[in-house]
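The values are calculated or read from the model by the stated rules, or taken from the named source; none is laboratory data. Keep in mind that this is a model prediction, so the values were computed, not measured. Methodologically, a virtual Cβ is constructed for each residue, glycine included, from the backbone with ideal geometry; neighbour enumeration extends over all protein chains shown.
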Amino acid sequence: MSEIFVVIPARLGATRLPRKPLEVIAGEPMIVHVWRRACEADAGPVLVATDSLDIADAIEAAGGRALLTSEDHTSGSDRVHEAICKVDPDRRYDVVVNLQGDLPTLEPELLVACAAPLTQGDADIATLASEITDAAERDDPHVVKVVGTPGSSPDLLRALYFTRATAPHGEGPLYHHIGLYAFRRHALERFVALPPSVLETRERLEQLRALEAGMTIDVTLVDTVPLGVDTPADLERARAMLEQQG
């Protein structure tokens, strides 16, 4: 089993939901919920990498570890890379999980499922997807689809493409991509050094940069899609779900 380090990138600025990581859900900031879920996965050390002293203070008050990083990063992957270089200069950890800070309902086992292909296989990057069962999602450009070919097990795909379009054409399942990534250390270093690619810019999907550069991405198929909080309506749904759970 490769050594795994979980990094949660969190920035304070957000266009649609300002100060999103600090929005209170069931009595605690959202970023604290995400940190707790990551700790419950028991996959490895968990670190919140942030540009905000307020976020760092919230995590440390809850008993977690936070690291202040540059305000200039354009993506979570860049922030994760800075953080892992600072906290693990000796490269003890082979696999780095990039867990978005807006997934407060994440089931901890999904984090383990995401990293599994890198601890057992030869891919550069690993991520998650779930079969689409809601017909409305098939044509929704906000639901990213992954097109893949069967992998080494029934619940694994080797990604060929990611798109906001309805794909592939024809009869058969469509898969909803879940934006949780595990990187081999060398793959993360290569990824952040690459310039934005043509298809990445066109689709507004960062993972296409990796595919266009010839990197391999394995996709574990799971049964559930965690709620990502991007809008005030999402926030209210997350509050209702977590308050019901107590």
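Scanning the range 53-80 for residues that are at pLDDT 95 or above and assigned to a loop (DSSP other than H, G, I, E, B), we see that the one that is surrounded by the fewest Cβ atoms within 10 Å (Cβ to Cβ) is Gly63. Thr74 passes every criterion in (1) free of Cβ contacts under 8 Å to residues at least 24 places away in the same chain; (2) within 25 Å of Pro195 (Cβ to Cβ); (3) touching a strand residue (DSSP E or B) at 6+ places or on another chain (Cβ under 9 Å) apart from (3). Pairs meeting the criteria (first residue in the range 113-130 and closer than 17 Å to Phe5 by Cβ, second residue surrounded by fewer than 20 Cβ atoms within 10 Å (Cβ to Cβ) and at pLDDT below 95, beta carbons under 6 Å, at least 6 apart or on different chains) are Thr119/Met1; Thr119/Ser2. Meeting the requirement of 2 or more residues that are of a type in the set (D, E, K, R) and more than 19 Å from the chain's Cα centre (by Cα), the helices (runs of 4 or more DSSP H) wholly within the range 195-246 are 232-245.
Inside the range 194-216, residues that are buried (at least 17 other Cβ atoms within 10 Å of the Cβ) and either in contact with a Pro (Cβ under 9 Å, 6 or more places away or on another chain) or on the phi > 0 side of the Ramachandran plot (or both) make up a count of 2.
Just to verify a result, which residue in the range 85-142, among those that are touching a strand residue (DSSP E or B) at 6+ places or on another chain (Cβ under 7 Å), of a type in the set (Asp, Glu) and within 24 Å of Val34 (Cα to Cα), is surrounded by the fewest Cβ atoms within 10 Å (Cβ to Cβ)? The selected residue is Glu131. Within the range 178-186, none of the residues are over 23 Å from His73 (Cβ atoms) and of a type outside the set (Gly, Ala, Ser).
For every residue, the table says whether it meets (1) modelled with pLDDT of 95 or more; (2) part of a helix (DSSP H, G or I); (3) touching a Leu at 6+ places or on another chain (Cβ under 9 Å); (4) closer than 29 Å to Ile31 by Cα.
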position: Thr105; (1), (2), (3), (4): no, no, yes, yes
position: Thr119; (1), (2), (3), (4): no, yes, no, yes
position: Asp122; (1), (2), (3), (4): no, no, no, no
position: Ala129; (1), (2), (3), (4): yes, no, yes, yes
